[in-house]
Amino acid sequence: MRRRGLLQTPFALGLAAPALAATPGAGRLRVVPQANLTSLDPVWTTAVVTRNHAFMVYDQICAQDAQGTIRPQMAEGWVVEADSLAWTFTLREGLRFHDGEPVRARDCVASIRRWARRDPFMQVLWPDVAEVTALDDRRFRFRLHKPLPLLLMALGQTQFPCFVMPERLAATDAFQQLRDAVGSGPFRFLADEWNPGQRAVWARFDGYLPRQEPVDGLAGGRAPRLDRVEWTVISDPATAANAMVTGEQDYWEYPLHDLLPLLRRSRELVVEQRLLDGTYGICRFNHLQPPFDNPGIRRALALAIDQRDYMRAVAGNEPGGWETCEGVFACNSPLANGAGSEVLKTRSLDRARTALREAGYANEKVVLVAPGDYPQINALSLVTADLLQRMGMNLELVSTDWGTLVQRRTSREPVEKGGWSLIHTTASGQSLSLPVFHLFLRANGDAAWFGWPRDAEIERLRAAWIAAPDLAMQRQVAEALNRRAMEVLPYLPLGFYWQPSAWNRKVTGAFRAPATVFWGVAKD
Amino acid sequence: MFAYVIRRVLQTIPVMALVALFVFSLLYISPGDPAAVIAGDQATPQDVERIRASLGLDRPYLVRFGTWLWAILHGDMGTSIFTNLPVTTMIAQRIEPTLSLMALTLVLAILIAVPMGVVAAWKQGTLIDRAVMGFAVLGFSVPVFVVGYLLAYVFALELDWLPVQGYTSLSNGVLPWLENLVLPAIALGGVYIALIARITRATMLEVLQQDYIRTARAKGAGQSSILFLHALKNAAVPIVTVIGIGIALLIGGAVVTESVFAIPGLGRLTVDAILRRDYPVIQGVVLLFSFVYVLVNLLIDLAYTLFDPRIRY
């Protein structure tokens, strides 16, 4: 018995209400999520925390296994016509939404249409989709203008998943936020217990029909083994660590790297990697304004950077906590390559200074905006700031909060008018694995991600990749893309770190997946 | 008296109107964009623009202010940009923990600080006086979050007497409620205790020099009677004033304390809303805090009449 329990005994009899006598149930998992669940709509926002919520509440037509292969999930299967211009999907029998209504093909069609308006991947494919229609309650069909071998990958992706919701909800405009969370996934969202910023609760959906295959990444049987999953937002990492050590919480999704040694010292806790891919550091230039509109100056900085410094600043010296990755595609992904990446392996301040001089740097001010409230991105920013100073550049480091940064990065103005020169961000390995949704590799000027690089060759290669008929050709194009990216440098890759999770030893069944999910997990 | 109360209540209307204008304008000119936060890191500038338009954030200042003010006059504080929940619902969800924390802190602070100040004045220049003043300096100097972490380390991690974090509603029992709030209240109360103790001591020192105290002593009144009946009552007006001013300190300190102890109160709601630029929530919470502060000042003014019969409104 814990000492606190002993203290309570004589007083609790008289003062505590009966409800509190109940101890936490074995089927109740108390989780510290990576962020506050503010929105319930996974189409309206791309926030990871909302996506994790959606994985509990909604199901997918098809899903990604641990090897990245797309497998059927709600779908029993699909048939592709001989000319590849029509795909017919058939739903499994007996699927139901949490409100008791059966899942019908028209729900899938409405969900696909809403999701396609927001997902960058599907937006690329959508012009070649002639129509998506429900054939009957269990079958729906894509009719295409031309063969789309990437269609399945888009539908089953984890980056911006296509979740199925009832037609009445999916009919909502994609830019309007849903307030209801009714899906057909393994857990029901308990809206009356939702206190944004503090608590969100899900209960097992007894009507869920899991697949019979064993769990494999996000594919396979999504059998719920917990009665309840309770998220408590603890914004202070030290407090979250203490709550894990004292057993007040069972699972911490994203412990701060600084606190991992403390957690590892506790015999009650397991600290392990659950996510299948790492988190990548990105240094983004503003290509519209001096000095980084000059490719020679971008190259000078590339010559100086040492990814190991960045990763140590974020994840410390823990063995296996991070890796370098000198290419634009996620390492260990099928397209990963280092063609032309020598520039990132130079790591020479002297050569960088020389290159800077030769590029004609005229002491233009460099405004680097760093988010002080975002520890990982702030650490990346400070390493670059140090490097710029040592290179002799005229640096102004603006330390602000993330909310301000995301607004300021939209400014295309010169730095004297509130613009910026350099920002940093992070991205999942998933999002950097394919050119089709690799935002930082887009170089279509005004339509590109903040920084707005413009390079016709990169765009040509990207289109060539989408049209490539097989993996061999895709890899060939990916090498050309990497080489070109290392010449024009739309951004600088800074390596990647692993984000482990921590959980109590009473928690069993945690498996590796591309996202944090709680089916298959139990608590003794 | 009644007329005075009515007059003061009416005076709150222009005050609140000014606060509303100030808060709205400040948020309008401050950097940050909720649409960009909602859209996420992977969104394109076009996505951000469309979200901004859907939220009405692209409308002119006067249109937005007018719409908001009109809604406020109808008792509608708006809807959170992020959660899509009414601001009043969100405030209602969070008000109990904050009120509990502030009330417990207030009670603890008064119970500890006033006797400390009285004793320090009575034992002026002695070790007790120095100890009390030393504590006051410490209370002023050590930040709330440092005290919070130290308390959590000792009483939760090492001794395992109290929980590290969280809040249990009073409806679930007094003991669980207290269990979660004792450490945060002590952490938050440190600076408040220091402030009240110092003012109590200073005022008591002045009062204890008065002729009527000498007279009471000459009449053979007991020490405790002199201190608490004769002196303290006459020293009460500045002490009550400081307690009232200190409520603002409590509101500020509650933000930090709620973060350290993961208490789901209004302070945490405010910080989260500010970081995300959830304008309706920020406006609603600031209006509420301002109203509470105005109300507390009114109550303090009225309390003066209890301690000093010469004060009449």
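Throughout, read-outs are computed from the coordinates displayed, never taken from laboratory work. Treat the numbers as computed from the prediction; the structure is a model and nothing was measured. Cβ: placed from backbone, ideal geometry, glycine included. Neighbour counts: every protein chain shown.
Brief remarks follow.
- Cut-off under 5 Å, modelled amide H: who pairs with residue A:274 long-range: A:501
- Of the residues B:133, A:311, the one with the fewest other Cβ atoms within 10 Å heads the list, and the complete ranking is B:133, A:311.
- For chain A, cysteines whose Cβ has no other cysteine Cβ within reach (under 4.7 Å): A:62, A:108, A:162, A:283
- By the count of neighbouring beta-carbon atoms within 10 Å, fewest first, B:278, A:173 end up ordered A:173, B:278.
- Beta-bridge orientation, the protein assembly as shown: approximately 80 percent antiparallel, per DSSP, counting only bridges with both partners inside.
- Listed peptides B:189-201, A:133-145 appear in the order B:189-201, A:133-145 once ranked by packing, highest mean of other Cβ atoms within 10 Å at the front.
- Residue A:28 long-range amide H proximity, modeled H, under 5 Å: A:227, A:228
- Within-11-Å neighbourhood charge of residue B:124 [Cβ basis; K, R +1; D, E -1]: +2
- Two-site FRET efficiency, residue A:135 against residue B:30, from Cβ-Cβ distance with R₀ of 51 Å, rounded to 0.05: 0.45
- Secondary structure note: in the stretch A:279-497, about 65% of the DSSP beta bridges are antiparallel.
- Taking the three principal axes of the alpha carbon atoms in the protein assembly as shown, the coordinate ranges are 112, 68, 57 Å, sorted in descending order.
- The amide H of residue A:188, built 1.01 Å from its N in the peptide plane, has A:203, A:204, A:205 as neighbours under 5 Å, considering only residues 5 or more places off or on other chains.
- Residues of type aspartates and glutamates that residue B:219 reaches as a straight line, Cα spacing below 15 Å, ignoring anything fewer than 8 places off in the same chain: B:211
- Ranking of A:235, A:428 by count of other Cβ atoms within 10 Å, fewest first: A:235, A:428
- Under 19 Å from residue A:506, Cα to Cα: lysines that are on another chain or at least 8 residues apart: A:523
- Taking a point 7 Å out from the Cα of residue B:307 in the direction of its Cβ, the residues of the stretch B:81-114 whose backbone N falls within less than 18 Å of it are B:106-114.
- The distance between label points at residue B:12 and residue A:413 comes to 4.1 nm (points 7 Å beyond Cα on the Cα→Cβ vector).
- Ranking A:94, A:239, A:185 by Cα position along the charge dipole of chain A, where only Lys, Arg, Asp and Glu carry charges on their C-beta atoms, puts A:239 farthest toward the positive end.
- Karplus-derived HN-Hα couplings along the stretch A:55-68 (A = 6.51, B = -1.76, C = 1.60, θ = phi - 60°), whole Hz, x at Gly and Pro: 4, 6, 8, 10, 10, 10, 5, 9, 9, 9, 8, 5, 8, x
- Centroid-to-centroid separation of the stretch A:349-419 and the stretch A:197-220 [C-alpha atoms, Å]: 43 Å
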